[in-house]
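Read through the structure below, which is laid out as structure tokens, and then see the notes.
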Amino acid sequence: MKLKILVGTVTNTAEYVAQAIEMDCADLVESIEVQMMDGLDISVFDEDALFLICTSTYGAGDVPDNARALFDSLDQAPKFLGHVRYGVIALGDMGSHAATFCFAGKQFDERLQGLGAKRLGEIWCHDASDGSVAETEGAAWCRDWLVQALAT
């Protein structure tokens, strides 16, 4: 099974998390592809893969600019995504943005479920204000998540 990590980021933290996962979890799947969300649309989900949305939250709970086209296409060109299995890594800052903490990842999850896609496991939220390293914790979470996802 291929793991396809779709990255939405402003400051590149989500990209660094995806790269850490690519290095740390390569032994668990046939291949891992990290793809920035720039210019993507709903057709990205036509591929046979296990998907991982890895996104930061920007401003007041917004999806990063590079993820906007993909996010908007889920409403503008909706189609049934019942074949899609996915997970979500949401990055945020509880200290500065408690009301919209990890909101971009949660919004992606809501839209994907609304189109019939199946989230495997819980959304993993990383809080930048707690001093932990997103790359280390994200890769550890993904190892556990992948083991469970591949068993289903």
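When the Cα positions of 50, 21, 81 are compared along the charge dipole of the chain, 81 comes out farthest toward the positive end, with charges on each C-beta of Lys, Arg, Asp and Glu.
Over the residues of the chain, the helix contribution to mean residue ellipticity at 222 nm works out to -10500 deg cm²/dmol, using -39500 (n - 2.57) for each DSSP H run of at least 4.
Across 75, 41, 130, mean-square fluctuation computed from a Gaussian network of the chain (C-alpha pairs under 10 Å connected) peaks at 130.
Average accessible surface for the stretch 54-152: 47 Å² per residue, computed with a 1.4 Å probe over protein heavy atoms with every protein chain in place. Of all beta bridges that DSSP places with both ends in the chain, some 5 percent have antiparallel geometry.
Of the chymotrypsin sites (Phe, Trp or Tyr not before Pro) found in the stretch 24-65, no site is in coil according to DSSP while having at most 13 other Cβ atoms within 10 Å of its Cβ. When the chain is treated as a GNM with alpha-carbon contacts under 10 Å, the residue of 114, 105, 92 showing the greatest mean-square fluctuation is 114. What part of the accessible area of the chain, given as a whole %, is carbon or sulfur when the probe is 1.4 angstrom? Whole-percent figure for carbon plus sulfur exposure: 49. Loop-located trypsin sites (Lys or Arg not before Pro) in the stretch 31-119 (DSSP state not H, G, I, E or B) with no more than 16 neighbouring Cβ atoms inside 10 Å: 79. Taking the chain as a Gaussian network, Cα atoms linked when under 10 Å apart, which of 36, 94, 23 shows the biggest mean-square fluctuation? Highest fluctuation among the options: 23. Sites listed here are GluC sites (Glu not before Pro) in the stretch 1-62 whose DSSP assignment is loop and whose Cβ has at most 12 other Cβ atoms within 10 Å: 30, 47. Each label point was placed 7 Å from the Cα along the Cα-to-Cβ direction; for residue 75 and residue 130 their separation is 3.1 nm. Translational diffusion coefficient of the stretch 4-109 (Stokes-Einstein, Kirkwood radius from Cα pairs, 10 °C, 1.306 mPa s): 113 µm²/s.
The values are calculated or read from the model by the stated rules, or taken from the named source; none is laboratory data. Here the structure is a predicted model, which means the values were calculated and not measured. Cβ coordinates were reconstructed from backbone atoms using ideal geometry, including for glycine residues, and neighbour counts include every protein chain displayed. Heavy atoms of the whole protein, side chains included, go into the accessibility calculation; ligands, DNA and RNA do not. Shrake-Rupley method; radii C 1.70, N 1.55, O 1.52, S 1.80 Å.
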